[in-house]
Amino acid sequence: MDALTDEQTMLMSSLREMAEREFAEAAFTWQGETPWDNVELLADRGYLGLNIDEAYGGGGLDEIEAVLSVEVVGEVCPDTAQHLYTQQLVGPRAIDMFGTPVVKERYLPKVTAGETTVAIAISEPGAGSDVSAMTTTVEEDHDGLVVSGEKMWVSDVPDSTAAVVWAKFPEGLGSLVVDLDADGVEIEQHYTNMGGHTQTHFYLENVRVPADHVLTRGSAGFKQQLAALNWERIGSATLANAWARCALDIALEYALDRDQFGQPIGDFQGIEWKLAEMLKEVEASRALTHRAARRAVAHDRVPDRLDASLAKLYSAQIVERVVSEALQIHGANGYQQDHPLEYLYRVARGRRLAAGTDEIQKNTIAAALKDDGLPPLA
């Protein structure tokens, strides 16, 4: 990212050094499991929850630092970076932005201490991209709130104590924090996706939730929640960029070391052009992502929908292409199970689905164009 402050440069340099020293050896051995040893080390050294309020154990910094930390760690250990992404820019971020002091104090310190995670539950069997089709409801009675419905494709549930659940309140869509061990929460199924990560289908049957666990409700509140979701999209783009750089680094090292026909394969023009194209796409994607993050921080930490969707769409597409080309450079060596590129190839495909599909991003981009015209050049 251009024009880093001295403090940001020092922070990222220290984090990079730690990742290379502590995470590199075990990277690609986690296979979808949360790397808790790494998470605890990040927490101990103050690198977990960089953008979360200091009052709750965070770093009190901006999302710029959170984005940079995902990039730096993701080049070394993809799974550790995924934890940083979800726990700095998704569920806990919503609590930090919209939660009551009671909710923040209850959940955030355990996240920043590396003791647990907070999931986010949006999708349902009949409601994915179309959030208006949700059937999970919140009703009010004299004792508080009662939540009923079902959620699926939820990540991090086995490691989480709670989830940010999107649901329909009497006045419209909103969100609230639900303890996953509460009476009435029933796990229907854990299943493993193509990348090896666990996702969960669960039911909520008359689950009682305190009123102070509400994050957003009503038209204005839910618009805030939708805007905050763009941080998830910027985070997803950052994770994709980190994985793409990781694949490019692996491919470059192999191209310089692998000899064929009396020279390193990296000296053949066909491979040189692949490497050049890969770097071009990675750097273009990083530029889009960094611009989205910087503009958001400059505008009260609310990302622009066009910026976020452009970054999300492009990064999701380029990580798939870059990892595929890195595997192509390796030939049969990269096509083996347990090879780092085989793992990256599987997880990279998920970036075009998670946090909004390619098609949803294109719809958002087109809507922004029609509503606002071309973005300004500046």
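Read the figures in this text as sums done on the coordinates, not as results from a lab. Since we're looking at a predicted model, the values are computed, not measured. Because the Cβ atoms are built from the backbone with ideal geometry, glycine has one as well, and the counts that use them run over all protein chains shown.
Beyond 31 Å between alpha-carbons counts as too far, so tell me which of LYS151/LYS370; LYS104/LYS280; LYS151/LYS274; LYS151/LYS280; LYS223/LYS274; LYS104/LYS312 fall in that bin.
Violating the 31 Å Cα-Cα cut-off are LYS151/LYS370; LYS104/LYS280; LYS151/LYS274; LYS151/LYS280; LYS223/LYS274.
Within the chain, what's the longest run with no GluC sites (Glu not before Pro) in a DSSP loop and at most 12 other beta-carbon atoms within 10 Å? Give the range, please.
Value returned for the longest uninterrupted segment is 172-378.
Mind checking which of HIS290, PHE222, ASN333 is farthest towards the positive end of segment 220-372's charge dipole, using Cβ charges of +1 (Lys, Arg) and -1 (Asp, Glu) about the Cα centre?
Sorting the options by dipole projection puts first PHE222.
Which of ALA182, PHE98, GLY32 sits farthest toward the positive end of the charge dipole of the chain, with +1 on the Cβ of Lys and Arg and -1 on the Cβ of Asp and Glu?
PHE98
Could you give each residue of segment 27-40 its phi-based ³J(HN,Hα) in whole Hz, using Karplus coefficients 6.51, -1.76, 1.60 with θ = phi - 60°, and x for Gly or Pro?
Each residue of segment 27-40 in turn: 4, 6, 9, 6, 6, x, 7, 5, x, 4, 4, 5, 4, 5 Hz.
Calculate how steeply helix 101-112 sits against the longest principal axis of the alpha-carbon atoms of the chain, using the helix alpha-carbon long axis, and give the answer as 0 to 90 degrees to the nearest 10.
30
Residue by residue, what Karplus-based ³J(HN,Hα) values in Hz, rounded to whole numbers, does segment 12-24 have, using 6.51, -1.76 and 1.60 with θ = phi - 60° and x for Gly and Pro?
6, 5, 5, 5, 4, 4, 5, 4, 5, 7, 9, 9, 4
Please state the charge dipole magnitude for the chain, taken about the Cα centre, from unit charges on C-beta atoms (+1 on K and R, -1 on D and E), reported in debye and rounded to the nearest 20.
1120
Kindly rank 161-169, 195-203 from highest to lowest mean number of other beta carbons found within 10 Å of each residue.
For the peptides 161-169, 195-203, the packing ranking is 161-169, 195-203.
Going by a ≥ b ≥ c, the root eigenvalues of the Cα gyration tensor, does segment 77-145 fall in the rounded group (a/c under 1.5), the prolate group (a/b larger than b/c) or the oblate group? Provide the component values of the computation, followed by the final result.
Numbers: a/c = 2.84, a/b = 1.25, b/c = 2.27.
Cα axes put segment 77-145 in the oblate bin.
Would you work out if segment 246-378 is rounded, prolate or oblate? Take a ≥ b ≥ c from the square roots of the eigenvalues of the alpha-carbon gyration tensor; rounded if a/c is under 1.5, else prolate when a/b is larger than b/c, oblate otherwise.
The shape class here is prolate.
Per DSSP helix of 4 or more residues, -39500 (n - 2.57); summed, then divided by the residues of the chain. What does that give at 222 nm, rounded to the nearest 500?
-17000 deg cm²/dmol
Note the angle between two axes, namely the Cα long axis of helix 78-89 and the longest principal axis of the Cα atoms of the chain, as a number of degrees from 0 to 90, rounded to the nearest 10.
Relative to the chain, helix 78-89 is tipped by roughly 40 degrees.
Net charge near TYR203, counting Lys/Arg +1 and Asp/Glu -1 over other residues with Cβ under 10 Å of its Cβ?
Computed value for this residue: -3.
Is the shape of segment 186-232 best called rounded, prolate or oblate, per the rule: a/c under 1.5 gives rounded, else a/b larger than b/c gives prolate, else oblate, with a ≥ b ≥ c the square roots of the Cα gyration tensor eigenvalues?
The shape class here is oblate.
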